[in-house]
Amino acid sequence: MQKGQIGVTTENIFPVIKKFLYSDNEIFLRELVANAIDATQKLKTLASFGEFKGELGDMRVEVKVDKDAGTLTVTDHGIGMTADDVNKYINQIAFSGAEEFVNKYKDNANSIIGHFGLGFYSAFMVSKRVEIRTLSYKDGAEAVRWDCDGSPEYTMEPCDKSTRGTEITLWIDDDNKEYLEQSRIDMLLKKYCRFLPVPVVSGKEQEWKDGKYEDTDRDKVINSTEPAWTRKPADLTDEDYRNFYHELYPGQEDPLFWIHLNVDYPFNLTGILYFPKIKSNLDIRKDRIQLYCNQVFVTDSVEGVVPEFMMLLQGVIDSPDIPLNVSRSYLQSDRAVKKISGYITKKVASRLEDLFKADRSDFESKWDDIKIFIEYGMLTDEKFCDAALKFTLLRDTEGKYFTLDEYKTLVEASQTDKDGNVVYIYATDPVEQYSYIEAANAKGYNVLLMNGQLDGHFISMLENKLEKTTFVRVDSNVADNLVVKEERKDSGLSADQISLLTSIFRSQLPKLEKCEFMVSFESLDPAASPVLITQNEYMRRMKDMAATQPGMSFYAELPDNYNLIVNTSQAAVAKVLADAESALEDKISPLRAALNADNEKLTALRAEIKDNKPTDEQKADEQKLMDSVDASRREQEAMAADYAGGVPSVKQMIDLALLGNGLLQGKELSEFIARSVRML
């Protein structure tokens, strides 16, 4: 019997392993099974080179739970180890058997998992004792037993093992008895080992008999040894891809399409990424993409490993260049992983462009489902954005799709303003904004539909990317002013008429919660509505973006600001003005004269004290005049409001505009209906 200490540089390696090497102690099972697969693959490689001429026999890996004995055993029928191998690869932690093997057979050993380093010692994360029984494939080899209780001391001696390979038995410690439950072990094997290239057997298949599940004599194979991503795309049908998707994500709808990754330079990478149907909300989950290293599961928390927008996709990425036995935080900072991330972005963009070019009509049919993914990618990844500009589509309210270049060509002749900016007019709700869309179409304008969750941010990004381009929502102004080709027409009213109409219309506005209205007057098409309501493009856009961007919550708290535009060329408005002037002239003229006189005195007084410190008497006179002006204005506004209350057509014009914008509700809507009936 040989006794000794494991060759480590610290007194006890095991606390280091438990605390720092792995993110979770359940990883031990992945490491042991992966090493067993590794040993099996090594023997297959040696046989292919003619260096092993014996019978390969049963090459599966077996995992056995013995709850009564408190043990978990992992057995393989691979190359096994001699006493010298155990000394080198177990007693000297610094070596990695897989790495040395790969260096020797690097040109033909692509299936070797390798790079496990301290993988075997993860067993001590859950064990109070570990035993290895192993027999090398080499002729005349003697079986070896190695035993360690979790301290640097170990024992090693010959044993009676007669079958080739390695058997590792763990005596599970009191804190980890969960690993003696068959269901827990099966769950971990399905998580980490479901696609390993060698069959992994765990217990027996069960059948329902006499009111309970009973073991059969059939071995339960956990894994699929040739998952779809390891096969050539030419050998796979669409049905194969869909079946594999449902194997990964049971119960989900069929994916829209998929991208099969396969590259061997400047790094090795395979995988399949699926485009699922993304529902109305932006659903970013951290477990959509599964990361593998030579078919060994690494993690499904890929944030920081793949670009953020890729987390809208589902599927598998597999690369031997991904470190296997380290924490995820290290994984995110690994240079190889970052290169892989950049490649995936490029590949996805290239594949989308190919799909667009190959079958545009099919691409258009899928656009509404993949739009949120592409927009999110363009907003968060500059390189993806630059590539995606070639196949990004815009959809108009008639359901037609255009590339960015096509759309510019379509509208630039009719929708270029006086400053040379191409104006892209868009709607967010074709039903609610129907009248505005119709008015814009009547002027020969095309209207885009931008009703996606990210469209507010996307519009701002496009304005930065596209030269001399601006976006305006169809209800942000009257149709005549959506594309300003010349200076706006004067309203045609005098200052006194504007003052009178402002008081009349403002007095009949309803009190809506968190809404403010600014009354203005414009000379528009006589056939247009007498009153229109628009909303400032910038403020509305900021509020919309605040709904999906917490840092902009300030805008979300601001009231909604609307412009109530009175069309002074409309006959109904002209009649209101004429009738008001006729009815109120005798009452308002004296007030207006007094107000004008007070304003003149106030102007003269302020000019007198402009460069001097005002006397107390001058301050008193100024305040008296200001109070008089304010009183005259309030009295004039009260007269106009009192008059407007008796003119149903004013309230009717306002309510029609409110109704067209979805702002007329509750009591106000009920009163509007009743008034409409009376006016019939």
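Values computed for the structure shown
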item	result
Counted charge near Ser507, where neighbours are those whose Cβ lies closer than 11 Å (Asp, Glu -1; Lys, Arg +1)	0
For Ala143, distant residues with modelled amide H under 5 Å away	Cys159
Whichever lysines have a C-alpha closer than 20 Å to that of Lys346, once near sequence neighbours (fewer than 8 apart) are set aside	Lys338, Lys357, Lys371, Lys383, Lys390, Lys465
Tail beyond 16 Å, pair distance distribution of region 410-484 (Cα, percent)	45 percent
Principal-axis tilt of helix 648-660 within the chain, Cα atoms, nearest 10 degrees	20 degrees
Per-residue SASA entry for Arg184, accessible area with 1.4 Å probe, Å² rounded to 10	50 Å²
Reachable lysines from Lys44, criterion Cα separation under 29 angstrom, eight or more residues apart if same chain	Lys53, Lys64, Lys88, Lys104, Lys106, Lys138, Lys161, Lys190, Lys191, Lys204, Lys220, Lys232
Per-pair calculated FRET efficiency, R0 = 22 Å: Lys128 and Ser183 via Cβ, rounded to 0.05	0.45
Nearest-ten-degree value, helix 616-644 long axis tilted from longest Cα axis of the chain	90 degrees
Region 613-670 versus region 429-485: alpha-carbon centroid distance in Å	33 Å
Top positive-direction residue, dipole computed over the chain with Cβ charges, set Val74, Gln652, Tyr538	Val74
Solvent exposure, largest accessible area first (probe 1.4 Å, DNA, RNA and ligands not counted), of Asp611, Asp627	Asp611, Asp627
Set of lysines with alpha-carbon distance to Lys443 below 16 Å, sequence-local pairs under 8 removed	Lys485
222 nm mean residue ellipticity, helices alone, for the chain (DSSP H n ≥ 4; -39,500 (n - 2.57); rounded to 500)	-13000 deg cm²/dmol
Charge sum, other residues only, whose C-beta stays under 13 Å from Leu410's C-beta, Lys/Arg counted +1 and Asp/Glu -1	-2
Heavy-atom accessible surface of region 120-246: percent carbon and sulfur, 1.4 Å	43 percent
Karplus 3J(HN,Hα) series, Hz, for region 457-463 with 6.51 cos²θ - 1.76 cosθ + 1.60 (x for Gly, Pro)	5, 5, 4, 4, 5, 5, 4
Surface/4 of the Cα convex hull for region 417-572, nm²	10.4 nm²
Gyration tensor verdict on region 18-77 (Cα atoms; rounded if a/c is under 1.5, prolate if a/b is larger than b/c, oblate otherwise)	oblate
Net charge dipole size for the chain [Lys, Arg +1 and Asp, Glu -1 on Cβ; Debye, nearest 20]	580 debye
Where Cα atoms sit under 17 Å apart: lysine pairs in region 569-677 separated by 8 or more or lying on different chains	6
With DNA, RNA and ligands ignored, accessible area of Ser301 (1.4 Å probe; Å², nearest 10)	30 Å²
Solvent exposure, largest accessible area first (probe 1.4 Å, DNA, RNA and ligands not counted), of Lys88, Lys67	Lys67, Lys88
Beta bridges by DSSP in the chain, antiparallel share as percent, to the nearest 5	70 percent
Arg242 - accessible surface, heavy atoms, 1.4 Å probe, Å² rounded to 10	70 Å²
Computed Rg/Rh of region 209-279, alpha carbon atoms with Kirkwood Rh	1.14
Between helix 182-192 and the chain: long-axis angle, C-alpha atoms, 0 to 90°, nearest 10	70 degrees
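The values are calculated or read from the model by the stated rules, or taken from the named source; none is laboratory data. Just so you know, these numbers come straight off a predicted model, no measurement behind them. No Cβ is skipped: glycine too gets one built from the backbone with ideal geometry, and neighbour counts run over all protein chains shown. For the accessible areas, the whole protein counts, side chains as well, though only heavy atoms, and no ligand, DNA or RNA atoms are used. Shrake-Rupley method; radii C 1.70, N 1.55, O 1.52, S 1.80 Å.
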